[in-house]
1. May I ask you to say which residue of Asp416, Asp373, Asp407, Asp391 is buried (at least 24 other Cβ atoms within 10 Å of the Cβ) and charged (D, E, K, R)?
2. Give the residues of region 20-68 that are of a type in the set (Ser, Thr, Tyr) and out of contact with any helix residue (DSSP H, G or I) (no Cβ under 8 Å at 6 or more places or on another chain), sorted by residue number.
3. Identify, from the list Gly332, Gly326, Gly273, the residue that is at pLDDT below 95, under 30 Å from Ala118 (Cα atoms) and of a type outside the set (Phe, Trp, Tyr).
4. What number of residues in region 237-264 are crowded, with 24+ Cβ neighbours inside 10 Å, of a type outside the set (Gly, Ala, Ser) and in contact (Cβ under 8 Å) with a residue 60 or more places away in the chain?
5. Applying the selection to region 148-167, what residues are surrounded by fewer than 21 Cβ atoms within 10 Å (Cβ to Cβ) and either of a type in the set (S, T, N, Q) or within 17 Å of Glu96 (Cβ to Cβ) (or both)?
6. Do any strands (runs of 3 or more DSSP E) entirely within region 60-103 hold 2 or more residues that are in contact with a Lys or Arg (Cβ under 8 Å, 6 or more places away or on another chain) and buried (at least 18 other Cβ atoms within 10 Å of the Cβ), and if so, which?
7. Six or more apart or on different chains, Cβ under 8 Å: which pairs go from a residue in region 136-157 that's farther than 23 Å from Gly211 by Cβ and touching a residue at least 60 places away in the same chain (Cβ under 8 Å) to one that's surrounded by fewer than 17 Cβ atoms within 10 Å (Cβ to Cβ) and not charged (D, E, K, R)? Could you list them?
8. Look at region 214-258 and say how many of its residues are farther than 14 Å from Val157 by Cβ and either out of contact with any strand residue (DSSP E or B) (no Cβ under 7 Å at 6 or more places or on another chain) or among the polar types (S, T, N, Q) (or both).
Amino acid sequence: MDLMAKAVELVGGVMVRRRRAETPDQQAVGQTPSIPAARAQGIMTLKMPTARGWAPGHLPKAAPGLRVNAFASGLDHPRWIEVLPNGDVLVAESKEEPPPPRGLLARATHATMRRAKAIGTSANRVSLWRDADGDGVAEIHETFLQGQRQPIGMALVGDTFYLGNTDGVMAFPYRDGKAVGEGQRLTRFGTGGHWTRSLLASPDGTRLYVGVGSLSNIGDHGMEAEKDRATIWEIDLTTGESRVFASGLRNAVGMAWQPDTGALWTVVNERDGLGDETPPDYLTSVQDGGFYGWPYCYWGQTVDDRVPQDAELVARAITPDYALGGHTASLGLCWMPEGTLPGFPDGMVIGQHGSWNRAVLSGYRLIFVPFRDGQPSGLPRDILTGFLSEDEKLAYGRPVGVTIGPDRKSLLMADDVGDIIWRVSAA
């Protein structure tokens, strides 16, 4: 990083120290969160811990009654996990590869993100891990797919394996436990900005849902550049036709089905530059044709006055179901039925990757949101913590994708700083 970019980072550090006093004592969490009034920041808060990784014998801290062990290690920035019907575990190994930065703030941001292992050269592969002896540790490892473009989302439907690359969804024939051939492109998406493309198949296997994040923070390059972004797409796997299922979702990443209601749920990363807790990231059910506010407003009809307005869209913006706190970078999501882990009822498990744009850091944990009658009910509970040093200067790990383990009695979670897949089970 050159001296001018270093100067910008130092200025950012001064802003962090000034803004710590403005950070609310309580996070905006739950169905009726207390969200502070917006405070436009000018120079955006920039604070991210240095990636350290885990020393031998150092583990995340599991909640009482649970234990954690490394299911797989030595990966290259693992982001997402898919468990196949035969128990094999697929891991998408990928990283953001941004274009060269323009301007001082961009250079400082890139330098900070690189120090945190958030950007760099992407492995661009899907690896396969197998725990053949059932001891909770994978001893077989092989490459499942390689030469992809920042892959994330994965779904196996019948004899077809679908992969969400940053530039579109690919379909591969699946035979004898392997993806075959070069694959067929089903969609093409614009690249840059929020680059992940998560996938979720419908329970009947007829449709595929794709999370496509925005190009920018708040439509900074105009809304034409955001066409078909900040959305969840639906692909009809019979006809190949696709459409926008829901919009106004700045960066919808993890998706999951709530089995009692059949509703699609997602976690969304909200906009930056309005304060440590404003607005909160959120967990929400997703309505067909629903609009969720971005970039014009947030948490219902709270207008973002930095954005040229569209009154009609603001009027029909849907209030999310459940706030997750400001800038937690909630990415991973899966439904966990009661009985999977001891002491936990039905609910959603969420991997919070952690903030980079708060004076007091948030996220950096794996949490559980209890559900009752198809809706969130109660405050979040920690499953795994300890990913961040007490002085917030070091990150030992950062939670990302999460799913139920092959034995249905454990969770698997990707850690893209520790380069580990963690397994959580009963103690």
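The values are calculated or read from the model by the stated rules, or taken from the named source; none is laboratory data. Worth saying up front: this structure is predicted, and the values here are computed from it rather than measured. Note that we place each Cβ from the backbone using ideal geometry, even for glycine, and neighbour counts take in every protein chain shown.
1. The unique qualifying residue is Asp416.
2. Selection gives Thr23, Thr32, Ser34.
3. Every option except Gly273 fails the conditions.
4. The number of residues fulfilling the criteria is 1.
5. Correct list: Arg149, Thr160, Asp167.
6. Numbers: elements: 66-73, 78-83, 89-93.
It comes to 66-73, 89-93.
7. From region 136-157, the pairs are Gly136/Asn69; Val137/Asn69.
8. Qualifying residue count for the region: 21.
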